[in-house]
Amino acid sequence: MKKILIPFLMLVFVFSLAENANAQRKKRRKKKDDTEESVRSQRSRDRDSEEENYKSFADNLVYDINIGNISLSNGLFGMSFKPQIGYKLHERITPGIGIKYYYNLLSDNRYPDDFHLNDIGAFVFTRLKVTEAFFAHVEYSYISFDNDWFFQDERVSFNYPLVGAGYASGFGDWKSTIQVLFIGNQEVRRLGNYPIEFWFGFTKNF
């Protein structure tokens, strides 16, 4: 009986050791699999977050269309047009470029013909969004002015700074805007007979 019992007990002991070793391997494998799954899940969440926060070049472009400097008095009609495009370096800082066109019509009974004046130029700007509605605006313009007042045929050109502020309102991608800019050149202020530029318009991706 002892001859049978001893080998049997040894066999049970060996099987017990083998089963215990197998259980340990399964436990380590499960822990490894759980760790790998956790890493994969974290990487997947990171990718989803990056894709959600990613903005392409086009997503950072800001478009503005402005009409301003409207005047109608004493035979003078004037209006200006200013499209511009900027790029968001930061959620609150947008530099950019644009063009300006000023049109003035003078009708005077003392002269047989009307005077049509066309001023045109370009500018660079930086916009600082102070709040979701208010912003500061700085420009540096180069404008060629039509100097055909009372048969003066030469054009005159000036480069000059402008500084001011504006307000944006609305919902979604497009907002309406209003801005007032002070002209930082005395000759330009004298030529246009006004110290400021005022603009009304629309902006996309403000």
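The values are calculated or read from the model by the stated rules, or taken from the named source; none is laboratory data. Source: prediction; values computed, not measured. Here the Cβ is made from the backbone with ideal geometry for all residues, glycine too, and neighbour counts use every protein chain on show.
Structure notes:
- Test: residue in segment 101-119 that is among the small types (Gly, Ala, Ser), touching a strand residue (DSSP E or B) at 6+ places or on another chain (Cβ under 6 Å) and either assigned to a loop (DSSP other than H, G, I, E, B) or farther than 30 Å from residue 55 by Cβ (or both): no
- Filter result for residue 159 (at positive phi and either acidic (Asp, Glu) or without any contact (Cβ under 8 Å) to a residue 40 or more places away in the chain (or both)): no
- Considering the conditions (1) modelled with pLDDT under 95; (2) under 25 Å from residue 118 (Cβ atoms); (3) among the hydrophobic types (A, V, I, L, M, F, W, C), residue 181 is excluded by exactly one of them, (1).
- Considering residues of segment 48-59 that are modelled with pLDDT under 75 and surrounded by fewer than 10 Cβ atoms within 10 Å (Cβ to Cβ) only, the residue nearest to residue 111 (Cα to Cα): 55
- Residue identified as in the same structural domain as residue 99 (by TED's automatic domain parsing), of a type in the set (Gly, Ala, Ser) and over 29 Å from the mean Cα position of the chain (by Cα) among 176, 141, 157: 157
- Of all residues in segment 109-137, those that are farther than 22 Å from residue 166 by Cβ and among the small types (Gly, Ala, Ser) total 0.
- The residue of segment 173-206 that is nearest to residue 69 (Cα to Cα), among those that are charged (D, E, K, R) and surrounded by fewer than 16 Cβ atoms within 10 Å (Cβ to Cβ), is 189.
- When 123, 115 are screened for being at pLDDT below 90 and surrounded by 17 or more Cβ atoms within 10 Å (Cβ to Cβ), only 115 passes.
- Test result for residue 62, of a type outside the set (Phe, Trp, Tyr), touching a residue at least 40 places away in the same chain (Cβ under 8 Å), within 17 Å of residue 179 (Cα to Cα) and surrounded by 15 or more Cβ atoms within 10 Å (Cβ to Cβ): yes
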